[in-house]
Amino acid sequence: MNFFVLILSIILAAIIIVFFFRTRRRPAREELNVSPPLPARSPDAEFAAEIGPSVSVPPAPAGQTAPELPRRYGEDRLVLLARDPHWLFAYWEVSATKQEEFQARYGPEAWRTSRPVLRLYDVTGIKFEGYNANSYVDIPISEEADNWYLEVGQPNRTFCVDLGRLLPTGEFVTLLRSNLAHTPRAALSELCDEEWMWLEGVYRSMLRYQFGISSPLLFEEIAARMGKEVIPVGIGSPVILPPMRR
């Protein structure tokens, strides 16, 4: 009897021990079965910094600067431009060769004793030959200048300018001659283009017809009204729409 009680006690203790360990280990297993948290959702749009290739810009060498445009090109040139109806702008370059030619012809001291001058010619309506200008005016300039603004105050006129030297004797020696420049108008033009006047009559005649009239009949009526037998080439057939109902 005692032996049976002992066996029963051992079995009961084993059951208690197993139950105790199962209850202690269950949270650990549940923790192992928990799925890991989802990662944060990536944004739908990618930034340029993320997808763009990395570009490395080499540093500029120390002491090195960007090259500058040359101030002179060694060419003889004089350009005249119209800035507005009342002002012109001229820029030029005189080469060393041109200066040497001047000194060879008028003496080694001629350049130093002469003065630089811009001679502005009004050549409106004529073929300028260098001596037949409508009028001219001399404009003294500085020795170091290579451009100059010229106030003419005469809209709708044509001008030309010479760059030269004024000798002590009063003689003007031309070094360079510019292109022709025309100042724009300062008011509306008095000219009317008659090629555009007949279009108003076309649209007035179109309004007289009902929808469905053929283009040849329309052009014949327009030509009769204007006293013309031929309609200018290049004008397409107008599309006549029915009057809108309200």
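The values are calculated or read from the model by the stated rules, or taken from the named source; none is laboratory data. Not measured: the values here are computed from a predicted model. As a convention, Cβ positions derive from the backbone with ideal geometry for all residues, glycine included, and neighbour counts pool all protein chains shown. Heads up: the accessible areas ignore ligands, DNA and RNA and are worked out on the full protein's heavy atoms, side chains in. Shrake-Rupley method; radii C 1.70, N 1.55, O 1.52, S 1.80 Å.
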Within region 142-166, residues being assigned to a strand (DSSP E or B) and of a type in the set (A, V, I, L, M) number 4
When (1) outside any helix (DSSP H, G or I); (2) surrounded by 10 or more Cβ atoms within 10 Å (Cβ to Cβ); (3) at pLDDT below 95; (4) aliphatic (A, V, I, L, M) are applied to LEU8, the one that fails is (1)
When region 91-126 is checked residue by residue, the ones that are among the hydroxyl-bearing types (Ser, Thr, Tyr) and in a helix (DSSP H, G or I) are THR97, TYR106, THR113
Residue pairs within 7 Å by beta carbon, gap of at least six or interchain, first lying in region 151-174 and in contact (Cβ under 8 Å) with a residue 24 or more places away in the chain, second of a type in the set (Lys, Arg) and open to solvent by less than 30 Å² (accessible area, probe 1.4 Å), listed first then second, are VAL173/ARG165
Condition set touching a strand residue (DSSP E or B) at 6+ places or on another chain (Cβ under 7 Å) and not in a strand (DSSP E or B), scope region 130-141, selection nearest to LEU88 (Cα to Cα): answer is ILE141
Query raised in the report: Is there a residue being of a type in the set (Lys, Arg) and crowded, with 18+ Cβ neighbours inside 10 Å anywhere in region 83-106?
Result: no
